[in-house]
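Following: one structure in structure tokens, then a few remarks.
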Amino acid sequence: MGKILVTGAYGQLGTALREYSKASGGMDFLFTDVQADDEIIPLDLTDKVSLSAFIHSHTPDWVINCAAYTRVDQAEEEPEEAYRLNADVLKNLLDTASGHPFRLIHISTDYVFNGRAYRPYREEDPPDPQSVYGKSKYEGEQIVLGYPRAMIIRTSWLYSETGSNFVKTVLKLATERNTLDVVYDQIGTPTYAGDLATAILQIIRSIEENTRDFQTGIYHFSDEGVCSWYDFAREIVLSQSLKTTIRPVTSAQFVRPAPRPFYSVLAKEKIKRDYGIHIPYWRDSLHKCLNNLKLKNNGRQ
């Protein structure tokens with residue numbers, strides 16, 4: 001099995017990859033982030049010199065790029081930082097590939113679309129990002145597509161047991177408030193980080209074992225099914241028997257600095273066909289995540 005470098009290892013997907021890698025026998029992982037701990041190696045993607053030295057020293061066969069600027073609203077106030085972390089660092093990373101041509105799996109987002117579709121977005125649909133975050137991620141995609149050994153995986157509504165995300169926010173607010181207002185006119189699909197991590201590792205293993213060919217270009221991955229943020233929040237609250245009332249509101253009643261896509265369902269036929277990926281239904285994965293959170297919280301008591 002090849003050596004796999006993971007960037008952004010403290011993030012939701014990076015953390016899921018760390019957890020799921022423990023059952024991936026034969027794979028050699030290097031988990032990196034700006035800050036280090038016992039499991040994570042320090043690596044600053046904005047420092048081109050140290051990045052080049054790291055790549056040439058460790059010679060990874062694969063790079064899974066989970067590092068990103070993901071603060072959607074804050075990006076409107078600091079676009080330079082969003083572009084620096086979502087686009088410029090990819091130039092640094094791919095410059096190092098001239099001396100050691102690794103395979104790259106880069107994670108992107110549904111925000112590259114304008115959200116005005118009437119059917120699930122396919123990989124070949126033209127992007128039209130409406131926010132600074134979406135535009136910076138799209139620019140990063142364009143850089144990656146110039147590299148001949150790269151796969152882009154767009155995902156949506158990512159959540160997990162760790163970090164800051166919609167699931168944990170709803171759980172927290174539901175213990176503090178009697179009612180929560182959640183938009184019902186934004187439609188998409190939640191994606192459990194563990195499911196995406198599993199799919200990525202399956203793709204790498206199938207290629208390393210020569211059961212699948214490495215296909216470059218763009219792929220979509222989210223969990224199966226469709227819902228609104230209101231539906232998502234209501235399922236979280238009901239499944240935990242919480243008394244908080246979830247009230248549906250329109251996007252016009254819940255104005256945010258960055259525009260949100262009204263419809264961002266992703267078509268996933270391509271990744272299922274090319275890599276034989278089985279994708280769980282979003283409610284099933286949500287309940288798995290909530291059960292894991294409950295076990296984690298009970299362990300602290």
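The values are calculated or read from the model by the stated rules, or taken from the named source; none is laboratory data. Bear in mind the structure is a predicted one, so any value in this text is a computation, not a measurement. Neighbour counts run over all protein chains shown; Cβ positions are idealised from the backbone, glycine included.
Please work out if residue 218 is more than 19 Å from the chain's Cα centre (by Cα), crowded, with 16+ Cβ neighbours inside 10 Å and not in a helix (DSSP H, G or I).
So residue 218 does not fit the description; no.
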The conditions are (1) out of contact with any Cys (no Cβ under 6 Å at 6 or more places or on another chain); (2) crowded, with 16+ Cβ neighbours inside 10 Å; (3) more than 29 Å from residue 80 (Cβ to Cβ), and residue 192 fails exactly one of them. Which is it? (1)
Does residue 72 satisfy the criteria of being surrounded by 23 or more Cβ atoms within 10 Å (Cβ to Cβ), of a type in the set (A, V, I, L, M), in contact (Cβ under 8 Å) with a residue 40 or more places away in the chain and closer than 30 Å to residue 290 by Cβ? no
Being part of a helix (DSSP H, G or I), under 19 Å from the mean Cα position of the chain (by Cα) and among the basic types (Lys, Arg) narrows 283, 273, 260, 234 down to just 283
Can you tell which of 34, 6 is of a type in the set (Val, Ile, Thr) and more than 17 Å from residue 200 (Cβ to Cβ)? 34
Condition first: surrounded by fewer than 17 Cβ atoms within 10 Å (Cβ to Cβ) and hydroxyl-bearing (Ser, Thr, Tyr). Can you find one or more residues in the range 23-42 that meet it? no
Of the listed residues (250, 211, 245), the one being surrounded by fewer than 17 Cβ atoms within 10 Å (Cβ to Cβ), out of contact with any Cys (no Cβ under 6 Å at 6 or more places or on another chain), of a type outside the set (A, V, I, L, M, F, W, C) and free of Cβ contacts under 8 Å to residues at least 24 places away in the same chain is 211
Of the conditions (1) more than 18 Å from the chain's Cα centre (by Cα); (2) under 23 Å from residue 11 (Cα atoms), residue 152 fails just one. Which one is it? (1)
Would you be able to say whether some residue in the range 198-207 is in contact with a Leu (Cβ under 7 Å, 6 or more places away or on another chain) and surrounded by fewer than 22 Cβ atoms within 10 Å (Cβ to Cβ)? no
Output the number of the condition that residue 231 fails; it satisfies all remaining conditions of (1) closer than 13 Å to residue 185 by Cα; (2) crowded, with 17+ Cβ neighbours inside 10 Å; (3) touching a helix residue (DSSP H, G or I) at 6+ places or on another chain (Cβ under 9 Å); (4) among the charged types (D, E, K, R). (3)
Determine the pairs where a residue that is under 15 Å from residue 4 (Cα atoms) and of a type in the set (Phe, Trp, Tyr), located within the range 86-114, has a partner that is modelled with pLDDT under 95 and buried (at least 20 other Cβ atoms within 10 Å of the Cβ) with Cβ atoms under 9 Å apart, the partner being 6 or more residues away or on another chain. none
Give me the residue from the range 164-220 that is of a type in the set (Phe, Trp, Tyr) and closer than 20 Å to residue 154 by Cα and, out of that set, modelled with the lowest pLDDT. 214
Residue count, the range 50-75, condition farther than 26 Å from residue 199 by Cβ and part of a helix (DSSP H, G or I), comes to 9
In the range 1-49, anything without any contact (Cβ under 8 Å) to a residue 24 or more places away in the chain, outside any loop (DSSP other than H, G, I, E, B) and more than 18 Å from residue 193 (Cα to Cα) is listed as 41, 42, 49
Residue 264 among the small types (Gly, Ala, Ser), touching a helix residue (DSSP H, G or I) at 6+ places or on another chain (Cβ under 6 Å) and under 25 Å from residue 6 (Cα atoms): no
Turns out the helices (runs of 4 or more DSSP H) fully within the range 76-158 with at least 3 residues that are of a type outside the set (S, T, N, Q) and surrounded by fewer than 18 Cβ atoms within 10 Å (Cβ to Cβ) are 79-83
